[in-house]
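The values are calculated or read from the model by the stated rules, or taken from the named source; none is laboratory data. The shown structure was predicted, so the numbers you read here are calculated from the model rather than taken from an experiment. All Cβ positions, glycine included, derive from the backbone under ideal geometry; neighbour counts span all protein chains shown. In case anyone asks, the SASA skips ligands and DNA or RNA and just uses the protein heavy atoms, side chains included. Shrake-Rupley method; radii C 1.70, N 1.55, O 1.52, S 1.80 Å.
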Amino acid sequence: MNTMRAVVWEGPQRLRLAMLPRPALREPDDALLRVSHASTCGTDLHIYRGAVPGFEPGTVIGHEFVGEVAAVGPAVKLLRPGQRAACADFVACGACAPCAAGRHAQCGERRLFGFSGLQPRLDGGLAEYVRVPRADVALTPLADGADPRFGLLSGDALPTALGALQRLV
């Protein structure tokens, strides 16, 4: 089956469960993730309300998700099909000075999953499958036996909380 279900934004306060083509690998460093767990974030609520300028109708929302690697491109080194992985809420290049210093959020090529309008569209994780560009940067393998719900927290909720606490110190 080459289709999947996904939650797409159709306009302010209008979401739709849609049947869409399953994403495919486009670049050598892409992975295809079959989503097992996903969550809604405050950012999704801003999108839902229509508070993001230029947000494109039809964008698959959601940037907190975990799943099983379904396929990898030939340049992916850290992941293999069948492996479970948590996804960061955004993708970064992994090679620039901020990325090398561990500050991926400051990467000039940073893109948030489930977002469009203020950045080039990158469909998100409220779907059965997600194409993950720069998979070795965006995906973190889950340990065998690890509860995927804890991996789900690592994409946005825990890093946001940690960053807030570090700014208080």
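Before moving on, here are some points about what is shown:
- Number of positions in region 42-51 that are open to solvent by 20 Å² or more (accessible area, probe 1.4 Å) and either part of a loop (DSSP other than H, G, I, E, B) or in contact (Cβ under 8 Å) with a residue 40 or more places away in the chain (or both): 3
- Residues in region 23-35 that are more than 22 Å from Gly117 (Cβ to Cβ) and open to solvent by 80 Å² or more (accessible area, probe 1.4 Å): Glu27, Arg34.
- Per-region count, region 25-35, residues more than 16 Å from Phe90 (Cα to Cα) and more than 13 Å from the chain's Cα centre (by Cα): 4
- Of the residues making up region 112-128, those that are in contact (Cβ under 8 Å) with a residue 24 or more places away in the chain and surrounded by fewer than 24 Cβ atoms within 10 Å (Cβ to Cβ) are Leu112, Ser116, Gly117, Leu118, Arg121, Leu122, Asp123, Glu128.
- Condition check for Thr59: buried (at least 16 other Cβ atoms within 10 Å of the Cβ), at pLDDT below 95 and among the β-branched types (Val, Ile, Thr): no
- Flag if Arg80 is of a type in the set (Lys, Arg) and in a strand (DSSP E or B): no
- Residue within region 99-110 that is in contact (Cβ under 8 Å) with a residue 24 or more places away in the chain and either surrounded by fewer than 16 Cβ atoms within 10 Å (Cβ to Cβ) or not in a helix (DSSP H, G or I) (or both) present: no
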